[in-house]
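See below for the structure under consideration.
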Amino acid sequence: MVSRYFTDRLAKRSITLLGVSSILIMGLIVVFIVHEGMPAFREVGLFNFIFGTEWRPSNGQFGIWTMILGSVAVTLGTLVLVLPLGIGCAILLAELAPFRIRSVLRIIVETIVGIPSVVHGLVGMALFVPFIRNTFGGSGYGILPAILVLTAMVLPTVVSITEDNIRSVPGGYKEGSLALGATHWQTIWHVQLPAARSGIGAAIVLGVGRAVGETMAMIMVIGNSPVVPHSILSQARTLTGNIAVEIMYATGLHESALFATGVVLLVLIMIINSCAFILARKGKSYA
Amino acid sequence: MKVKTLWISLILVALLLGSSVLVGCSEESTPVPAATSPSSISSPTSSPTSSPTSAPSSKLSGKITEAGSTTVQPLAEKLASAFKAKYPKVEITIQGGGSSVGVKSANNGTVDIGAASRELKESEPALVTHCIARDGIAIVVHSSNSVSGLTKEQVRNIFAGSITNWSEVGGPDATIVVVSREEGSGTRAAFEEMVMGKKGPDITNSAIFQPSNGVVKNTVSGTPLSIGFLSFGYLDNTVKALTIDGITCTVENAAQGTYPIVRPLYFLTKEEPEGLVKTFIDFALSADGQAIVEEEGYIKSR
């Protein structure tokens with residue numbers, strides 16, 4: 001008599017407890033990062049911190065503008081490569097490739113998703129950096145190898161999500177289009193892709209989020225120089241790289257400035273996720 | 001009704017537990033930020049001198065905690081295990097964290113002994129320094145580089161970014177790739193003090209920054225036309241060490257004082273050491289301890 005009612009309540013309460021705890025944990029992490037970063041914001045000033053171009057902790061100069069530019073440059077460059085490659089590969093997998101090739105390709109794509117980023121970084125260091133040095137001169141470290149490594153890392157995610165979305169477009173759309181006399185390519189380009197737009201947008205934003213957040217592979221190939229990048233070959237430092245490279249021995253205000261870098265990163269990710277949200281909603285109203 | 005209150009109290013307990021764990025983390029990270037793999041947590045109440053000195057040596061017991069420079073860390077670990085072989089009842093905890101953490105935690109008493117691989121800065125608290133060893137810093141280039149020696153002045157200008165082409169120092173006509181450690185590194189601080197000068201120029205931000213001696217070595221050995229600096233302990237035949245002011249970069253020259261870039265490795269204590277801590281530091285300075293120092297590729301303290 002007691003048991004059924006009690007079990008129901010127990011389940012409900014447990015779920016509530018788990019939910020509340022997870023929200024609380026996330027909230028506390030944010031509070032902690034902001035709290036630790038506060039001294040730097042107060043000491044340096046928000047404007048000087050974000051738009052300052054000199055990063056010299058030992059001289060008390062904490063400007064992360066060069067790193068914001070570095071992160072943006074790497075992310076945009078990755079996007080330029082991932083967009084055509086990712087969507088193209090997804091169309092191939094979803095529509096064009098014969099079944100056997102498709103299954104082999106899918107296994108490859110899914111395996112690459114599981115490769116840890118440090119391995120990607122290693123490949124970049126051993127392959128891309130010397131190649132770029134021998135082709136273009138300079139040190140070989142910089143934005144270009146970072147973009148290549150990131151593309152390899154992000155591509156599988158974008159491909160598999162995009163493919164799923166193209167596949168989930170109702171079969172009637174395709175049949176209708178073909179029945180009206182459109183070619184296969186016209187159907188893909190004018191019917192299936194637009195219908196899958198929201199999902200593709202979400203996949204790309206997910207990729208962008210990963211690109212902004214990637215750390216280990218970046219610090220291995222980008223050179224970590226806090227300078228304004230002037231070309232695709234110049235060295236740079238990303239926001240994540242700044243934290244990872246310097247947190248080991250940082251103390252005092254320097255440490256706080258690294259936490260403040262984390263706050264900026266958090267805000268950046270929030271903006272990107274909001275874009276994804278807006279994009280997804282727009283896409284839905286279209287389809 | 002009763003069930004409801006029970007659940008609410010359970011939730012509250014869980015939340016309290018969760019938050020206290022998080023708060024605890026934040027407090028712990030303040031004295032020793034990102035200490036590398038603490039093998040045991042030092043309790044703040046452990047007294048530095050927990051054993052009577054009058055006891056016979058085999059019965060010496062107690063706990064010593066050390067934290068700081070990652071350059072000193074492997075040496076301190078070797079010294080500690082030799083010390084433990086002699087006095088089995090003594091427990092020694094060695095942690096990393098960097099020279100600044102070593103200074104900080106020795107000063108606020110988090111550890112009995114701090115470790116630093118550079119001179120203390122004027123902004124840092126005055127501590128008792130025990131030079132347990134010395135370490136040379138080598139200026140290294142890619143093994144294919146035709147330049148085999150530089151003056152300190154040239155090294156300074158290269159790292160400051162005012163010399164950017166190898167042809168300016170007798171090498172090929174090609175851009176110099178400067179490789180440096182990141183801000184906060186003790187090796188970098190020692191290099192800055194001894195080569196760049198206390199009021200000298202900063203290391204150029206166009207340099208490649210790598211977060212450890214090992215990565216610096218790999219970067220230099222893999223990049224023709226690069227130049228970097230390395231602790232003597234990391235030297236091997238994958239990179240070429242330059243002569244500085246005409247002096248070959250060897251442990252012998254550094255020990256004699258002719259090689260110009262040598263830094264002290266310090267054990268730091270807040271007060272003059274007593275008891276167990278003193279015994280340990282004396283052991284490090286003894287003939288046995290200094291033999292370990294040489295075995296590890298460092299230079300004897302005197």
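The values are calculated or read from the model by the stated rules, or taken from the named source; none is laboratory data. Predicted, not measured: the structure shown is a model, and the values here were computed from it. In this analysis, Cβ positions are derived from the backbone assuming ideal geometry, glycine residues included, and neighbour counts consider all displayed protein chains. The protein model used for the area step is the full one, side chains on, heavy atoms only, and it has no ligands, DNA or RNA in it. Shrake-Rupley method; radii C 1.70, N 1.55, O 1.52, S 1.80 Å.
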Residues located in segment A:197-233, provided they are hydroxyl-bearing (S, T, Y) and either more than 14 Å from the chain's Cα centre (by Cα) or away from every other protein chain (no Cβ under 12 Å) (or both): A:S198, A:S225, A:S231
field: Residues (more than 12 Å from chain A (Cβ to nearest Cβ), under 13 Å from B:I137 (Cα atoms) and surrounded by fewer than 22 Cβ atoms within 10 Å (Cβ to Cβ)) located in segment B:155-194
entry: B:M194
field: Members of segment A:2-60 that are within 12 Å of chain B (Cβ to nearest Cβ) and hydroxyl-bearing (S, T, Y)
entry: A:Y5, A:T7, A:S14, A:T16, A:S21, A:S22, A:T53, A:S58
query: Is segment A:129-150 home to any residue that is under 16 Å from the mean Cα position of the chain (by Cα) and open to solvent by 30 Å² or more (accessible area, probe 1.4 Å)?
result: yes
task: Kindly check whether there is at least one residue in segment B:292-301 that is in a helix (DSSP H, G or I) and crowded, with 17+ Cβ neighbours inside 10 Å.
output: yes
field: Close pairs from segment A:126-153: first among the β-branched types (V, I, T), partner open to solvent by 50 Å² or more (accessible area, probe 1.4 Å), Cβ under 6 Å, at least 6 apart
entry: A:I143/A:I232; A:T151/A:L81
field: Top-ranked residue of segment B:212-231 - restricted to ones that are small (G, A, S) and crowded, with 16+ Cβ neighbours inside 10 Å, ranked as farthest from the other protein chains (Cβ to nearest Cβ)
entry: B:S231
- prompt: Looking at segment A:31-45, which of the residues that are free of Cβ contacts under 8 Å to residues at least 40 places away in the same chain and within 16 Å of A:L258 (Cβ to Cβ) is most open to solvent (accessible area, probe 1.4 Å)?
  reply: A:R42
query: How many residues are outside any loop (DSSP other than H, G, I, E, B) and under 23 Å from A:A211 (Cα atoms) when one looks only at segment A:108-139?
result: 22
- request: Residue by residue through segment A:46-63, note down the ones that are part of a helix (DSSP H, G or I), open to solvent by 70 Å² or more (accessible area, probe 1.4 Å) and either in contact with a Gly (Cβ under 9 Å, 6 or more places away or on another chain) or not aliphatic (A, V, I, L, M) (or both).
  value: A:F47, A:N48, A:F51, A:S58, A:N59
Residues (open to solvent by 40 Å² or more (accessible area, probe 1.4 Å) and either small (G, A, S) or in contact (Cβ under 8 Å) with a residue 60 or more places away in the chain (or both)) located in segment B:195-211: B:S206
field: Test for A:S160: is it under 22 Å from the mean Cα position of the chain (by Cα), hydroxyl-bearing (S, T, Y) and modelled with pLDDT under 95
entry: yes
- request: Scan segment B:70-115 for residues that are crowded, with 18+ Cβ neighbours inside 10 Å and more than 14 Å from chain A (Cβ to nearest Cβ) and report the count.
  value: 13
